[in-house]
Amino acid sequence: MVDRRRSLVSLGFLLSLLFQFTFEQIEPLSSTTERAALFDLRSSLGLRSKEWPRKVDPCSSWRGVTCENGRVIGINISGFRRTRIGRQNPQFAVDALTNLTLLQTLNASNFLLPGSIPEWFGLQLSSLTVLDLRSCSINGAIPSSLGNLTNLTSLYLSHNSLTGTIPDSLGQLLGLSVLNLSRNSLTASIPTSFASLVNLSSLDISTNFLSGSIPPGIGSLTRLQYLNLSGNSLSSSIPSQLGNISSLVDLDLSFNSLSGVVPVELRGLRSLQRMILGNNMLNGALPENLFANSSQLQFVVLGGNNFTGALPDGLWSLPRLNFLDLSANNFTGVLPNSSSNPNVTAAELNISNNMFYGSLSPLLRRFSFIDLSSNYFEGKILDFMLNVSVDTNCLQNVSNQRTTEECASFYTERGLTFDNFGRPNSTGPPAAESSGKSNRNKIILAAVLGGVGLAIILLLLVLWFICTRKRGNSNQRGNGVGPAPAGSSPPPPGVSINFINVGDSFTIQQLLQAAGDFGDANLIKHGHSGDLFNGVLESGIPVVIKRIDVRSTKKDSYLLELDFFSKISHTRFVPLLGHCLENENEKYLVYKHMPNGDLSNSLYYQKTTSEDGTLQSLDWITRLKIATGAAEALSYLHHECNPPFVHRDIQASSILLDDKYEVRLGSLSEVCTQEGDTHQSKITRLLRLPHSLAREAMGWFLNHDKPPRSSEPGTSGSSTSICAYDVYCFGKILLELVTGKMGISASSDTELKELLEQTLPYISIYDKELVTKIVDPSLIVDEDFLEEVWAMAIVARSCLNPKPSRRPPMRYVLKALENPLKVVREESTGSSRLRATSSRGSWNAALFGSWRQSSSDVTVIPAASGTKVEGASSIKHSGTTGSQSQGSGGHNGGLAEGSESVIQQPAGFPGPMMPVLEGT
């Protein structure tokens, strides 16, 4: 009986608690001021009645509104959609929040709020504990007043277009646990005040334009578990103090300009699971005991640095290792015969582009996918090795290996014996007793060859002197108009022209007649390499004739252009019909006439049937066709010519258009072979200097205490003789096609800096609607075309990276433009998990290296997943300007969704590092 009474009493108590709890949950909004503020917010943001209906109580019926004791304490509009009217002019209009004095959480992630964060946010929302404004299209600077929100525990401002510096005042948020400022355009250095954020567990400021060094004070944040500083321009060395963060689980410092050695103190990171230091300028050998205490380590990326020496033995013994990328370094040594834990299998191993040698080891059995290419391994492939790439080694019975000379030389230099691909007479180090005799023979041979060479040089000097005198006499007898002596001007050294391949030889009289005596009526323009004139040959063929005054232009530049045409034959270059070299002081080159001129005067044109004099613009299909054609020409120069050619004069006036708007690249007088190493990845690697580079430093200043950095676009000199220079100039062309702003490609450094500051913040791989702010208003684009415009803008921004080493090769740019929808659709649907680069030349590292997904995303407030960022609708303008279709070439592959993947992943790896286009 007593037990029954006790049960009844307990049940009654539970019911009363449940009633009280339910009553508290449905307590209506009691503050009329807050009710008015919510309705004002509903109106200013254009929220729909579906989420916030009018005639009900907000606390009980409005989605995302949380109340306590009849007062509003939380608002979550993440992923909400605006009304049709609200979408027409979205703004950061949240002034009504000032009346919600008890507001603790505000989540507007994935809701379009174009504009800057108001200064009053940090002054009148003092109760805020969580502020989530991710992917809201916010611009401007972070207000320093946010440092007054001392109750704040989580601050998310990622995936926006924030500029300026990170305020030091954020160091006052002592209760902050999560700080995410990633994927913005923040500049300057990381504030040292961050060392005061002792409760911080997650710090992500990746993918910005931050410079300077990593503050050592970050090492005092003992509760930090996630640190991502990747994708910036951070320089100097890795602070040893980071090794004090024993709780750190994830460390990502990749894609910066960090230098120096890896501090041995990082062995103190006992909880570390992911170490990503790839694509920096780190050097030296790895500390022997670096991985001694790293029993939790699963993911290691050290590729794309300058590491040397052998690998620490402890690296191969990590029990949980499932991904290891050491590619593109200078590691050397042999693989250990076995690991201390051979039963553990790891997913992927990439040690390509190093100097490992010796036989393959059973150690490799623990890896499922392996890339060993570009090393010096010898011997045979092991029977268990299936998913493996072994190109460019010294292995037996395998194709695409190094030559015997390369392999023998490598092994001999190290005092080792090469197995000679399994054939008899293996090559070993030279015997000591024969070295003296060999040296004597070399000295005798060098003396003989030196004497012969000196005699030949003297003979050539005598012949040159005689020829020069004869030429001087003939010049004095000439009248400057008639034919010059046979042979005309000799080509410059190293130029051998096959005149059979450079068209017909015209007389000066023929060209005078064709061009109307080169009068002003036929003048097209004064070019930097010569004057261009319209003309018509006797056969009726329209031509363009370039008159070159050798006294005022670069000497023999016309011969270099003739040399180029004699060696190169491709449909993407303007056809050269002939030449006239009779006159000593004036030379003439004759080109096929291009009916639609060049891009600079065709982007907007006067339609012949227009009665009101308005300009028409090229439609999107034609613009994409032009971009793809120009990329094809540059890709041919950079990747199909040996050695590679650099155009050096890519601008809108260089892109000529035939009657079908097919591209014929012109302005070829500046073309030269790429200087230095002809392999672009090696050239760009040399240019990755360790000094910082902020977003507004578009002048590319030289760092006085570092090796000189090659000057960038807009300057003369050797910097223009690398393929990355062409890529940068082509990025300006793409921007011109997207924005419709003529003259970008020919603008000065100052003008370009200002334009990029106005334009680039609106180009993001995470927000399609943002690009509508800069798209040419004369373009008529539907939803599919808008995705292609978005893709071209993304490619343009990649090409305009201020670091030459981070610009994509032209072959990747071409593939992206041929399949633009793959750029954005595979990016938006792919996995966000970070994967390491499998080669230095991968598509993902080349095009999207600085925009890759974060390795993880720490969240406190659940946000609606899969929701689309709210924004303006696709552009469909009409008015005084129009957009007409040109040519008959059709859409140049832009809608070819069913085609093959743009680029293949390197052999042995199942997927790309970045969730974008797969690469070869």
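The values are calculated or read from the model by the stated rules, or taken from the named source; none is laboratory data. Remember, predicted model here, so these are calculated numbers, not experimental data. FYI the Cβ positions are ideal-geometry reconstructions off the backbone, even for glycines, and counts take in every protein chain you see. To get the accessible areas, we keep the full protein, side chains included, count just its heavy atoms, and leave off ligands, DNA and RNA. Shrake-Rupley method; radii C 1.70, N 1.55, O 1.52, S 1.80 Å.
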Worksheet entry | Estimated FRET transfer efficiency (residue 247, residue 102; beta-carbon r; R0 35 Å; 0.05) | 0.55
Worksheet item: Roughly how many Å² of residue 163 are accessible to a 1.4 Å probe, to the nearest 10?
Response: 40 Å²
Worksheet item: With labels modelled as points extended 7 Å from the Cα through the Cβ direction, what inter-label distance (nm, one decimal) is found for residue 120 paired with residue 43?
Response: 1.6 nm
Response to the item:
Counting only residues 5 or more apart in sequence or on a different chain, those whose built amide H sits under 5 Å from that of residue 524 are 532, 533, 534
Practice prompt. Show the residues, 5+ positions off or on another chain, whose built amide H is closer than 5 Å to the amide H of residue 186.
Written response: 209
Item to complete: Please work out how much length the chain gains when fully extended from residue 359 to residue 531, using 0.36 nm per residue of separation minus the C-alpha to C-alpha distance, in nm with one decimal.
Response: 55.6 nm
Fill in: Listed pairs 587/625; 546/803; 625/753 exceeding 30 Å between Cα atoms
587/625; 546/803
Fill in: For the stretch 501-593, alpha-carbon Rg and Dmax in angstrom
12.4, 34
Item to complete: Determine one quarter of the surface area of the Cα convex hull of the stretch 378-419, which equals its mean projected area, and express it in nm² to one decimal.
Response: 3.1 nm²
Worksheet item: Rg to Rh ratio, the stretch 32-130, alpha-carbon atoms and Kirkwood radius?
Response: 0.93
Worksheet item: Roughly speaking, what % of Cα-Cα pairs in the stretch 287-377 are separated by over 15 Å, rounded to a whole number?
Response: 57 percent
Discussion item. I'd like the FRET efficiency for residue 30 and residue 273, computed as 1/(1 + (r/R0)^6) with the beta carbon distance as r and R0 of 30 Å, rounded to 0.05.
Written reply: 0.05
Fill in: Integer Hz, Karplus 6.51/-1.76/1.60 couplings in order for the stretch 358-371, x for Gly and Pro
x, 7, 6, 10, x, 3, 5, 4, 6, 9, 8, 10, 9, 10
Item to complete: For the stretch 501-593, calculate the relative contact order in percent as a whole number, restricting contacts to Cα pairs under 8 Å that are 6 or more residues apart.
Response: 33 percent
Discussion item. Can you give me the distance in nm between label points at residue 748 and residue 448, each placed 7 Å from the Cα along the Cα-to-Cβ direction?
Written reply: 6.4 nm
Fill in: FRET efficiency for residue 757 and residue 168, using Cβ-Cβ distance with R0 set to 22 Å, rounded to 0.05
0.40
Worksheet item: Between residue 136 and residues 5 or more places away or on another chain, which pairs have amide H atoms under 5 Å apart, with H built 1.01 Å from N, and which residues are they?
Response: 110
